[in-house]
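Q: I'd like to ask you about the structure that follows.
The values are calculated or read from the model by the stated rules, or taken from the named source; none is laboratory data. Small disclaimer: the values here were computed from a predicted structure and weren't measured. So basically every Cβ, Gly included, is an ideal-geometry build from the backbone, and we count neighbours across all protein chains shown. Please note that ligands, DNA and RNA were not included when accessible areas were found on the heavy atoms of the full protein model with its side chains. Shrake-Rupley method; radii C 1.70, N 1.55, O 1.52, S 1.80 Å.
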Amino acid sequence: KSILDFGCGRSDLVAHFWNDGRRRIAKHDAAIGMYEQMPDGTFDLVLCTDVMEHILMTDVDRVFGEIRAKSRNALFTISLRPARKRLPDGRNAHVTLLNANEWLRWIKSVFGKAKEMPTKWDHILMVKTF
C-alpha cells in the first residue's frame, strides 16, 4: 500500500505502480530540492535504483540505515561497472564499485536478508531484502 522511491532523482518511477490515488507513494532524493525532505513514517517497500554506486563508501552504512529505517523490504538495483560520466573532479560517477558478493554481504548485514534477483544485464545487480 506504500512505496518510497529513495534516490528518485527526477524520475517518476513510483507513479507507474499505482496511479489511482488510493495508495501512498513518496519520493526522496537528498540532491533534488523538491524531494530532499525525507517523507514521514514507514513504507511497505523502498525502491532504490541506480543510487548506491553513487554513494561514497564511507556513507554507504548511513544510507543503508536510512533506507532500513523506512522499510525492511527494499529492492535495490546497483551497477557493478564504472559509469560513462565523470564528476567535476575527474572521478568516475560510480564512486563505490563493489562486486555482487560484496554488495550482497553488506545489504544482508543491514537488512538480515539479501536475495539476488536475475536480470538480463551482467553489470546490474538486483537485490531484494524480503
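Q: Sketch the reach of a paramagnetic label on Glu116 as a point 7 Å from Cα along Cα-to-Cβ, and name the residues of region 45-79 whose backbone nitrogen lies under 15 Å away.
A: 76-79
Q: Provide Rg over Rh for the chain; use the alpha carbon set for both Rg and the Kirkwood Rh (inverse mean inverse pair distance).
A: 0.95
Q: Next question. Run lengths n ≥ 4 of DSSP H only: what is the helix-derived mean residue ellipticity at 222 nm for the chain, with -39500 (n - 2.57) per run over all residues, to the nearest 500?
A: Numbers: 2 runs with 26 residues, N = 130.
Result for the chain: -6500 deg cm²/dmol, rounded to the nearest 500.
Q: So what J values fall out for region 52-69 if you push phi through Karplus, 6.51 cos²θ - 1.76 cosθ + 1.60 with θ = phi - 60°, rounded to Hz, Gly and Pro as x?
A: With coefficients 6.51, -1.76 and 1.60, one gets 4, 5, 8, 8, 4, 3, 5, 9, 4, 4, 4, 5, 4, x, 5, 5, 4, 5 Hz.
Q: Charges at C-beta only: +1 for Lys and Arg, -1 for Asp and Glu. How large is the resulting dipole of the chain about its Cα centre, in Debye rounded to 20? Mind showing how you got there, number by number?
A: Working: 21 positive and 16 negative charges, 68 e Å.
It works out to roughly 320 debye.
Q: Okay, moving on. What are the residues whose amide H is under 5 Å from the amide H of Asp5, where those residues sit 5 or more places off or on another chain and H is modelled from the backbone?
A: The answer is Ala26, Lys27, His28, Leu47.
Q: For region 29-35, take each phi angle, set θ = phi - 60°, evaluate the Karplus expression 6.51 cos²θ - 1.76 cosθ + 1.60, and give the result in whole Hz per residue in order, putting x for glycine and proline.
A: Here the 3J(HN,Hα) series is 7, 4, 8, 10, x, 6, 10 Hz.
Q: Hey, any idea what % of the chain's accessible area is carbon plus sulfur with a 1.4 Å probe? Please report the intermediate quantities before stating the final value.
A: Numbers: 4030 of 7870 Å².
Reported share for carbon and sulfur atoms: 51 percent.
Q: Take every Cα pair under 8 Å in region 46-105 that's 6+ residues apart, average their separations, divide by the length, and report that relative contact order as a whole percent.
A: Details: 67 pairs, mean separation 24.6, N = 60.
Relative contact order for region 46-105 comes out at 41 percent.
Q: Report, for region 17-130, the % of DSSP beta bridges that are antiparallel, rounded to 5.
A: 70 percent
Q: Compute the FRET efficiency between Arg10 and Gln37 as 1/(1 + (r/R0)^6), taking r as their Cβ-Cβ distance and R0 = 25 Å, and round to the nearest 0.05. Walk me through the numbers before you get to the answer.
A: Details: r = 16 Å, r/R0 = 0.64.
After rounding, the FRET efficiency stands at 0.95.
Q: Aspartates and glutamates near Lys113 by alpha-carbon distance under 15 Å, same-chain residues fewer than 8 away left out - which ones?
A: Glu102
Q: Compute the distance in nm between two label points, each set 7 Å from the Cα along the Cα-to-Cβ direction, one at Arg81 and one at Asn101.
A: Each label point is offset 7 Å from its Cα along the Cβ direction, giving 2.1 nm.
Q: Taking a probe of 1.4 Å, how large is the accessible area per residue of the chain, in Å²?
A: Working: 7870 Å² over 130 residues.
It amounts to 61 Å² per residue over the chain.
Q: Here is a further query. Determine ³J(HN,Hα), in whole Hz, for all residues of region 123-130 in sequence, where each value follows from phi through the Karplus function 6.51 cos²θ - 1.76 cosθ + 1.60 and θ = phi - 60°; x replaces Gly and Pro.
A: Those phi angles translate into 9, 10, 9, 10, 10, 10, 10, 9 Hz.
Q: Can you tell me the orientation of helix 100-111 relative to the chain, as the angle in degrees between its alpha-carbon axis and the longest Cα principal axis, to the nearest 10?
A: The angle comes out at about 40 degrees.
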